[in-house]
Amino acid sequence: MSPSIQNLLSLEGKTVLISGASSGLGAHFAEIMTDAGAEVIVAARRVDKLQQLVETLIANGGKAQALEMDVTDADSVNKAFAQLDGMIDSLDILVNNAGISSAPTRFTELDEDDWGYVLDVNLKGAWRVAKHAAIRMKASGKGSIINTGSIYSLCTGLLKADYNVSKAAIAQLTKNMALELSRYGVRVNSLYPGYFASAINESEFSTERGKAYIARLVPQRLGEFHELNGPLLLLASDAGSYMTGTSLVVDGGSLLSPI
């Protein structure tokens, strides 16, 4: 008899590390995964924000701890994983979520520092964290890694060459990781959100220009964070046990927009 849907999607007894968890999608993912039964380790640079999140998650009945980690600093990542080893028995799931986007800038006007920083966070930082997680998961013979990409992993757009390149590289990194780690029982997939409503973009999208942009999107609205819950749990849980190397797009059909 097949397991029930509830059992398949459950993360009971699992331990999850979420990078970039101090706000936005990372903080939301922490809430959803504690609700699904996981013990969640939230990691980011802003420890004060993490501690507030941990207190909220625990108050709501979840299991959570905070871990300081700057993905752009190799020593910080090394130290964080050494600390993580003392906090948990094993790592079951990584949500590799830390990322940034620079201000809209023409390719010819990007400077070295801006280009380098976006690539360092979104690509090199993701690689650093994934490498450490994969080493531990290989040793235990199981695990799920979810890289947070973007619809710009699969398409392009004006004034964001640095961001687009970094997210396109995440697509290739995911495939290579999946190929190498499958034989060790470790699955690697990517979650590609489209345009989602958040505190960061609400002021921009509330302008007349922003509203006009939304109206040109295929779904004619922004996504809501809760619409990522099912896709996230699918990739993290036993419900997705035969999925690896997959790019799961959640964009309301934005990629269907004709040229």
- All positions within the stretch 236-259 that are closer than 22 Å to residue 197 by Cα and in contact (Cβ under 8 Å) with a residue 60 or more places away in the chain: 247, 249, 251, 254, 255
- Message: Give all pairs with beta carbons closer than 8 Å in which a residue from the stretch 169-185 that is closer than 22 Å to residue 120 by Cα meets a residue that is among the aromatic types (Phe, Trp, Tyr); count only pairs at least 6 apart in sequence or on separate chains.
- Response: 173/127
- For the subset of the stretch 158-203 comprising residues that are under 22 Å from residue 223 (Cα atoms), under 17 Å from the mean Cα position of the chain (by Cα) and of a type in the set (Ser, Thr, Tyr), which member is surrounded by the fewest Cβ atoms within 10 Å (Cβ to Cβ)? 198
- Scan the stretch 105-137 for residues that are among the polar types (S, T, N, Q), assigned to a helix (DSSP H, G or I) and more than 22 Å from residue 81 (Cα to Cα) and jot them down. 108
- When the stretch 180-194 is checked residue by residue, the ones that are over 20 Å from residue 167 (Cα atoms) and touching a helix residue (DSSP H, G or I) at 6+ places or on another chain (Cβ under 7 Å) are 181, 184, 186
- Note on the structure: Scanning the stretch 151-193 for residues that are at pLDDT below 95 and either closer than 18 Å to residue 236 by Cα or not in a helix (DSSP H, G or I) (or both) gives 154, 155, 156, 157, 158, 159, 160
- Sort through 21, 82 and tell me the only one that's closer than 17 Å to residue 129 by Cβ and in contact with a strand residue (DSSP E or B) (Cβ under 6 Å, 6 or more places away or on another chain). 21
- Per the filter on the stretch 77-101, residues crowded, with 16+ Cβ neighbours inside 10 Å and either part of a helix (DSSP H, G or I) or hydroxyl-bearing (Ser, Thr, Tyr) (or both) are 77, 80, 81, 84, 101
- Item | Pair list, Cβ under 6 Å, 6 or more apart: the stretch 42-56 residue in contact (Cβ under 8 Å) with a residue 12 or more places away in the chain and among the small types (Gly, Ala, Ser), other residue surrounded by 14 or more Cβ atoms within 10 Å (Cβ to Cβ) and assigned to a helix (DSSP H, G or I) | 44/50
- All-but-one check, residue 40 against (1) assigned to a strand (DSSP E or B); (2) under 27 Å from residue 163 (Cα atoms), failing number (2)
- Task: Answer yes if at least one residue in the stretch 219-242 is farther than 15 Å from residue 25 by Cβ, hydroxyl-bearing (Ser, Thr, Tyr) and not in a loop (DSSP other than H, G, I, E, B), and no otherwise.
- Result: no
- Any idea which residue in the stretch 1-32 is surrounded by the most Cβ atoms within 10 Å (Cβ to Cβ), counting only those that are among the aliphatic types (A, V, I, L, M), farther than 18 Å from residue 142 by Cα and under 16 Å from the mean Cα position of the chain (by Cα)? 21
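The values are calculated or read from the model by the stated rules, or taken from the named source; none is laboratory data. Note that the coordinates shown come from a computational prediction; the quantities given were computed from them, not determined experimentally. Heads up, the Cβs are rebuilt from the backbone with ideal geometry, glycines too, and the neighbour counts pull from every protein chain shown.
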